[in-house]
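In what follows, a structure is listed as structure tokens, so that the remarks can point back to it.
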Amino acid sequence: RLALPWIYGDTLNWMRGLGYMLYKYIRPTRLRLVALVRPPVATGRSMLAHFRGPGPVAYSDLALAEELATRWVRQYAMIRAQVDAIADPAVCQTIRLEDVSLGQVRSLYGFLGLEGFDAAAVGALLDNRIKEVRHSHLDESPVPASQEELRAFWRICAPLAEAYGYTEDEHFYENAPSR
């Protein structure tokens, strides 16, 4: 008896397990699935900062980078498989983080059937560059991700990342040290 439509936002990546089940239970007239995709190399930087130990590192931890890249692939492959399995793709929307703009959010409001779009408030959020607003991984690593780790991350993620419209770009690695 909830208001229509039900909205399921993939903020915690639970869509990988729940999206298709929710679709089968709630049906397309009452459900909207939204998945936010982050670029794999940017995700790799965050994940390495979060999972790397606090001690000094003199070498690239390729095993850790590869393990974390496999997590990215598993997570987004599950989401993609569910979106592909849903008979009515009009209930699903995938948004790449770097594509989020005022126009994108306005379009999302329409897709979700929401009213009261406030361009000034949304614009203020999009323009806010403090870390707490931009990104939830607040961990700072004393050891930045290396070029080698980030390239390993891309190598594993590339096939699926390309399906989401990502291509490898050398700017991913330009500020990363080599070790």
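The values are calculated or read from the model by the stated rules, or taken from the named source; none is laboratory data. Since the structure is predicted, the reported quantities are computational estimates derived from the model, not experimental observations. In this analysis, Cβ positions are derived from the backbone assuming ideal geometry, glycine residues included, and neighbour counts consider all displayed protein chains. Ligands, DNA and RNA are excluded from the accessible area calculation, which covers all protein heavy atoms including side chains. Shrake-Rupley method; radii C 1.70, N 1.55, O 1.52, S 1.80 Å.
Residues in segment 1-37 that are buried (at least 17 other Cβ atoms within 10 Å of the Cβ), charged (D, E, K, R) and at pLDDT 70 or above: Arg32 alone.
Out of curiosity, is Thr94 in contact with a Pro (Cβ under 8 Å, 6 or more places away or on another chain) and not in a helix (DSSP H, G or I)? Answer is no for this residue. A single entry from Glu170, Glu148 fulfils the requirement of being surrounded by 15 or more Cβ atoms within 10 Å (Cβ to Cβ) and at pLDDT 85 or above: Glu148. Mind listing whichever residues of segment 103-120 are in a loop (DSSP other than H, G, I, E, B), out of contact with any helix residue (DSSP H, G or I) (no Cβ under 7 Å at 6 or more places or on another chain) and under 21 Å from Val91 (Cβ atoms)? Residues satisfying the conditions are Gly113, Leu114, Glu115.
For segment 91-102, filtering for residues that are out of contact with any helix residue (DSSP H, G or I) (no Cβ under 6 Å at 6 or more places or on another chain) and closer than 17 Å to Ile79 by Cβ leaves 6. Here Gly123 clears all of (1) open to solvent by 70 Å² or more (accessible area, probe 1.4 Å); (2) modelled with pLDDT of 85 or more; (3) assigned to a helix (DSSP H, G or I); (4) farther than 28 Å from Tyr20 by Cα except the condition numbered (1).
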